[in-house]
Amino acid sequence: MALNLSSATNARPHHRESFVKRYLDPTDRLGEVLFGLIMVLTFTLGAGVIVQDGEDATRDMLVGILGCNLAWGLIDGGMYVIGSLYERSRKARLLDAVRSTGSDESALAAISKALDDRLEPLTSPDEREQLYWQVLTRLKHVKPHPTLLKKEDLYGALASFWLVFVSAIPAILPFLLWKDRFLALRISNGLLLVMLFLVGWRWARETHSNPWILGPTLVVVGLVLVGIAMALGG
């Protein structure tokens, strides 16, 4: 009975974990929201003239925001799948590199090149050398397998799409709640800038940086990127 209770307890956090958190790490989540916010700001920061043209022009702008983030979300989802396949093929590429060498020394050099960037901060040179010999021994008995698409890749792509798309909601919501289009636009831009700050704040927490520096910095960087995009006709 105790074992069953323990198993149930261990399973609960997994069930409570959100779909997005399950398939995207914090950096990916923040990056998707950031891209979505920047895309929306390219519409709303220069939308004073559009709003002045009337309700039809404002509605067209809101449809454009949704359509743009929808398209960007689909693109980001596709890039997530490609990135996942590439990352998972590291083992296959390493195996090819080891098998193409003519000596153990060359094979160890290939393994070191592939793994040093991840292991160097955590291990000593002697520890890595022993580990690389073990990896080489293991790879000599491994058969290559094709890198196939997994359902987790599609779920991660869906999570990426959702974050980009849903980041457009703060821009649209004020226009649904306030009849004054100019007031709604100012509130919309204010919400987007606050969200940029919060993304920077959260990013600082994840990277052990100063949130009071990174938060405002991300707002400034976001506005600069929006200005560049608008200047180039984006």
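The values are calculated or read from the model by the stated rules, or taken from the named source; none is laboratory data. A quick note: this is a predicted structure, and the numbers were derived from the prediction, not measured. Reconstructed Cβ throughout: ideal geometry from the backbone, glycine too, with neighbour counts over all protein chains shown. For the accessible areas, the whole protein counts, side chains as well, though only heavy atoms, and no ligand, DNA or RNA atoms are used. Shrake-Rupley method; radii C 1.70, N 1.55, O 1.52, S 1.80 Å.
For the pair the range 100-145 / the range 174-223, the C-alpha centres are spaced 45 Å from each other.
What you get for the chain, charging only the Cβ of Lys and Arg (+1) and of Asp and Glu (-1), is a dipole of about 620 debye around the Cα centre.
Partners of K151 within straight-line reach, counting lysines whose Cα lies under 17 Å from its Cα and excluding those fewer than 8 residues away in the same chain: K21. The alpha carbon radius of gyration of the chain, expressed as a multiple of 2.2 N^0.38 Å, is 1.37. Excluding ligands, DNA and RNA, the accessible surface per residue across the range 75-234 is 64 Å² with a 1.4 Å probe. Helix content alone sets the calculated 222 nm mean residue ellipticity of the chain: runs of n ≥ 4 DSSP H residues at -39500 (n - 2.57) each, divided across all residues, give -27000 deg cm²/dmol. Put simply, when 172-181, 120-129, 29-38, 84-93 are sorted by average Cβ atoms within 10 angstrom per residue, most first, you get 29-38, 172-181, 84-93, 120-129.
Carbon-plus-sulfur accessible fraction, the range 138-234 (probe radius 1.4 Å, protein heavy atoms only): 71%.
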